[in-house]
1. What residues of region 299-332 lie in the reach of a label at His279, counting those whose backbone N is under 12 Å from a point 7 Å from the Cα along Cα→Cβ?
2. Regarding region 201-333, what whole-number volume in Å³ per residue does the convex hull of its Cα atoms give?
3. Which pairs in the list Lys204/Lys369; Lys91/Lys204; Lys293/Lys369 are over 18 Å apart, alpha-carbon to alpha-carbon?
4. What fraction, in whole percent, of alpha-carbon pairs in region 119-190 exceed 15 Å separation?
5. Using the per-residue mean of other Cβ atoms lying within 10 Å as a proxy for protection, in what order, highest first, do the peptides 242-255, 223-236, 294-307 fall?
6. What does the charge add up to near Ser132, with Lys and Arg as +1, Asp and Glu as -1, over the other residues with Cβ less than 12 Å from its Cβ?
7. Take the Cβ-Cβ distance between Ala150 and Leu368 as r, set R0 to 30 Å, and report the resulting FRET efficiency rounded to the nearest 0.05.
8. What distance in nm separates the simple spin-label points at Asp306 and Arg75, each placed 7 Å from Cα in the Cβ direction?
Amino acid sequence: MTAQEASLVGRSGRRYPADQPRWRGDDGSPLAFEPLPGIGREQIATAINSQWRYRSALPNDPLAHIDPVTLGEGRTPLITRTFDGVDVGLKVESMNPTGSFKDRGVAVMVTALRHQGIDRVLEDSSGNGGSSVAAYCAAAGIEAHILVPAATSPNKIVQSRLHGADIELVSGARQDVADEAVRRADTTFYASHNWHPYFLQGIKLIAYEIWEDLGFRAPTAVLVPAGAGSLVLGCAIGFGELHRAGAIELMPRILVSQPQNCCPLVTAIEQGWDEVAEHEWSTTVAEGTAIAKPVRDREVLQAIRDTGGTAVAVPEDELVPAVGELARTGLFVEPTSAQVVPALRRLHAAGEISAADTVVAVLTGSGLKANHLLTPGHNAGEGGLQSHTAGPS
């Protein structure tokens, strides 16, 4: 199968054409592209200094030839730091245009939607996903309507408003906002970063980039924070393609970090479940991973297991100190990202990684996104942090 022949597949196995606007299957299940053959180093467009240098790995002929909606996403630094004797490559995704890894997926998703003639989209988010959709829709000339929880801190939606998005506050918990977006999807195209299959196609390009960063080698392990799990699936898809293309010999193990206050994927891995269970989770400062019921939970859990990976939970009182630890090495990231540091220590102590491993950990978003959580008076030593209620990011 060539990339141009790929189609979308739902959980039931039903196929859908990939050139039509669609965000889920008729049975309500999430869609994904059929496995693609991947590319080798000779197919990298080296003159392009963004993630679009790997565009030959993207599905469907149109994406290979149309002008992308791009703000220069990708090509983020891979910086080595040492923790407890283990050298770790930190992929600094805060260097993306809107400050998070979400730009990778949104750039590809919005490119596809513009090509398909979509001129108005609906998104629900209180964080990085919403600001990314707002920015790329502005670049594409697409009207963006974003639903956010009414309790959202104003500084989290300033960026989206400045990009020209229409922001609507919705009462209730984060899940109520997601449910409201789905109800409105019949009248406005739902460009959800948690649902849309093209989003994952953009996220997978981080695997190609890490491979090139390491001199066209795969790491032995990749550690990612996980809420909805798009980085888990992106790495599984991207490295899987590289393996099928013969560009790498072995798949890296995918290791996952979640905050202990909201860790449905960790619990499912520990219990041997195929999907996450309904549960009332506590609030957490790692708001980007505060997702109680990931849309693609079955696929995320399978990807972790297929690579021989695992998942660990990080106690709440270790999150903000991890921000400070990274900041003192020059890297300012949000608590959602910083959790990989205490997670690394737990994985090392458990024998999951060693000094002999080539480990890459993804720092998903900028600390500037979380000033409201990190300002004086809102830290762990002064009465606790503002936190985020579990629900889709």
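The values are calculated or read from the model by the stated rules, or taken from the named source; none is laboratory data. Quick caveat, the model's predicted, so the values are computed rather than measured. We place every Cβ from the backbone using ideal geometry, glycine too, and count neighbours over all the protein chains shown. These accessible areas exclude ligands, DNA and RNA; they are computed on the full protein's heavy atoms, side chains included. Shrake-Rupley method; radii C 1.70, N 1.55, O 1.52, S 1.80 Å.
1. Of the residues in region 299-332, 312-314 have backbone N under 12 Å from the label point off His279.
2. Numbers: hull volume 14.6 nm³, N = 133.
Each residue corresponds to 110 Å³ of Cα convex hull volume.
3. Lys204/Lys369; Lys293/Lys369
4. Cα-Cα pairs of region 119-190 separated by over 15 Å account for 46 percent.
5. 223-236, 294-307, 242-255
6. -1
7. Approximately 0.80, to the nearest 0.05.
8. Going from the Asp306 label point to the Arg75 one covers 3.1 nm.
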